[in-house]
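Below you'll find the structure, written out as structure tokens, and then a few comments.
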Amino acid sequence: IIGHGGIEKEYLVRLAKEHNIDLDLISNISDKELVNWYNKSKIFLYAGIREPFGLVILEALSCGTPVVAVNEGGIGEIITNNKLGVLVRRHEKEFADAIQQVLFKLSLRAKRGISPDYIQENWSWDKSVQDLEKHLKAISK
């Protein structure tokens, strides 16, 4: 697991020990190392609880890494079709089934991401500002 740790870190370490699972927690890495991890990953799993948007999903997609995510907060604004990823309710079996589905599809073909331009065209800061301005103009009329 790559992340910043936080309050979940101790819980994850304890849970892994209880179930005799090898767990590597990686933090404080450079952007270059992060891109390398995304590029060599078969799948990106996202089940954030208190994250309203999830920039990490945009990072994974920009590296062509398939995404399985819990459909909460703004995640559905990013993953809008099955080419971008698979969204599920916060339910362990559905999450596990989606992981198996994506890994099975990957076993049938090479890892294939979206166009690298997709993120820039749809989620850049410039695009976000344009969208915000459009909404503000609409409500000010």
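The values are calculated or read from the model by the stated rules, or taken from the named source; none is laboratory data. Remember, it's a predicted structure, so these values are computed and weren't measured experimentally. Backbone-built Cβ (ideal geometry, glycine too); neighbour counts: all protein chains shown. We work out accessible area using only protein heavy atoms, side chains counted, and drop any ligands, DNA or RNA first. Shrake-Rupley method; radii C 1.70, N 1.55, O 1.52, S 1.80 Å.
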> Can you tell which of Lys134, Lys105, Lys83 is assigned to a loop (DSSP other than H, G, I, E, B) and open to solvent by 90 Å² or more (accessible area, probe 1.4 Å)?
Replying inline: Lys83
>> Can you list residue pairs whose Cβ atoms sit under 7 Å apart, with the first residue in the stretch 54-67 being farther than 13 Å from Ile79 by Cα and free of Cβ contacts under 8 Å to residues at least 60 places away in the same chain and the second being assigned to a helix (DSSP H, G or I) and of a type in the set (Val, Ile, Thr)? Count only pairs 6 or more apart in sequence or on different chains.
In response: Cys63/Val35
>> Cβ contacts < 6 Å: first residue at pLDDT below 95, restricted to the stretch 21-33; second residue surrounded by 10 or more Cβ atoms within 10 Å (Cβ to Cβ) and among the β-branched types (Val, Ile, Thr), any location; separation 6+ or different chain. Result?
In response: Leu25/Ile1; Ile26/Ile2
> Exactly one of (1) at pLDDT 90 or above; (2) under 16 Å from Gly3 (Cα atoms) is unmet by Gln100. Its number?
Replying inline: (2)
>> I need the full set of residues from the stretch 86-102 which are touching a residue at least 12 places away in the same chain (Cβ under 8 Å), within 15 Å of Ala47 (Cβ to Cβ) and open to solvent by 10 Å² or more (accessible area, probe 1.4 Å), in order please.
In response: Val86, Leu87, Val88, Arg89, Arg90, Phe95, Ile99, Val102
> Restricted to the stretch 47-69, and to residues that are open to solvent by 10 Å² or more (accessible area, probe 1.4 Å) and of a type in the set (Val, Ile, Thr), which residue is nearest to the chain's Cα centre (by Cα)?
Replying inline: Val56
